[in-house]
1. Can you tell me how the range 20-134 classifies by the Cα gyration tensor, rounded, prolate or oblate, using a/c under 1.5 as the rounded cut?
2. Tell me whether the range 61-118 comes out rounded, prolate or oblate; compute the Cα gyration tensor, take square roots of the eigenvalues as a ≥ b ≥ c, and use a/c under 1.5 as the rounded threshold.
3. I need the peptides 63-76, 35-48 ranked by packing, meaning the mean over residues of other C-beta atoms within 10 angstrom, with the highest value on top.
Amino acid sequence: MARTEDRKSDGPLASSATAGYLQGTRRANPLKYVPGFVYVLILFIVGKFIFADPRATLVQWHEYNLSWVEVLLVGAAMMAMVEQLRVSHPGVDNTIEAILMGAIAGMQILLFALGAAGVRPLALFNNTEFLMLTLISMTQAIVAILINARTLRRTIGVGDNG
């Protein structure tokens, strides 16, 4: 009886639309694999050369004062959430994207460590602002890898029973 109802309703049409969504569509855009924190890193570098004092007031609205670094950190947090959504589709293997996010976080750790060690060309990465960006990026990459692994595990039927 269920089969005849499926034929009468939009069952096959809905299942083919859902299958396309779950299997993912191939995108020919090579920017698909570029992690969002690359853009945040570029904004940090550009902002470092534009703003002499990153904590100076950039926007003042009534009693609210926003500095360049506060705007950048909020943007980085929002980018982290978007990146996590990027790898959270059940049934879609986004392992490459998650690994690239981890690679960017690793590169940021390396830049911060070399800047803190006194490598002169990388001294612009030796500050609290870049440390906070690195912590956000590192946390986001770890969570993205876990989200991707859990959505894949759930898709293949293992799932959490607890």
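1. Oblate is the answer for the range 20-134, as a/c is 1.5 or above yet b/c matches or exceeds a/b.
2. Details: a/c = 6.64, a/b = 1.27, b/c = 5.24.
It is oblate, given that a/c is not under 1.5 and a/b is not larger than b/c.
3. Details: 63-76: 15.4, 35-48: 17.6.
By packing density, highest mean first, the sequence is 35-48, 63-76.
Bear in mind that the values in this text are calculations on the coordinates, not laboratory data. Model, not experiment: these values are computed from the prediction. Note that each Cβ is placed from the backbone with ideal geometry, even for glycine, and that neighbours are counted across all protein chains shown.
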